[in-house]
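Only one structure is covered here, and it is reproduced in the block below.
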Amino acid sequence: MNSNNKVWWAEPMMWLVLGLPTVVVVAGLMTFWLAASQPQTMANEPHRKVGLTVERVTPAAPAQQP
C-alpha cells in the first residue's frame, strides 16, 4: 500500500465536494420553511394589491361643513 493514500475523510478536497452542496441544500430547505411558515403579503394596510402592482389607499377626507 502506498503511503500517499489517505482515507476519504482526511482529504480536504472531499469535504469541499461533499460539504458545500450539503450546505446549499440545507440553506434552501430553511429558506423554504421560513417562506412557507410565515405567509405574509407584501401589501399591508393602507396599501392594496391590484394585479402585480401595489397602490397606496388614501383615507377619504371628512366632509367639511360650512
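Would a scan of the stretch 15-36 turn up a residue that is at pLDDT below 85 and not charged (D, E, K, R)? Don't jump to the end; show me each part of the working.
First pass over the stretch 15-36, keeping only residues at pLDDT below 85: none.
No.
How many of the residues in the stretch 37-55 are part of a strand (DSSP E or B) and modelled with pLDDT of 75 or more? Let's see the steps before the verdict.
Step one: filter the stretch 37-55 for residues part of a strand (DSSP E or B), giving 47-50, 53-55.
From what's left, modelled with pLDDT of 75 or more: 50, 53, 55.
Result for the stretch 37-55: 3.
If you take the residues of the stretch 1-14 that are aliphatic (A, V, I, L, M) and in a loop (DSSP other than H, G, I, E, B), which of them is modelled with the highest pLDDT? Can you show your working first?
From the stretch 1-14, those aliphatic (A, V, I, L, M) are 1, 7, 10, 13-14; that's our starting set.
When the remaining residues are screened for being in a loop (DSSP other than H, G, I, E, B), the result is 1, 7.
Details: 1: 51, 7: 88.
Of everything passing the filter in the stretch 1-14, 7 is modelled with the highest pLDDT.
The values are calculated or read from the model by the stated rules, or taken from the named source; none is laboratory data. Predicted, not measured: the structure shown is a model, and the values here were computed from it.
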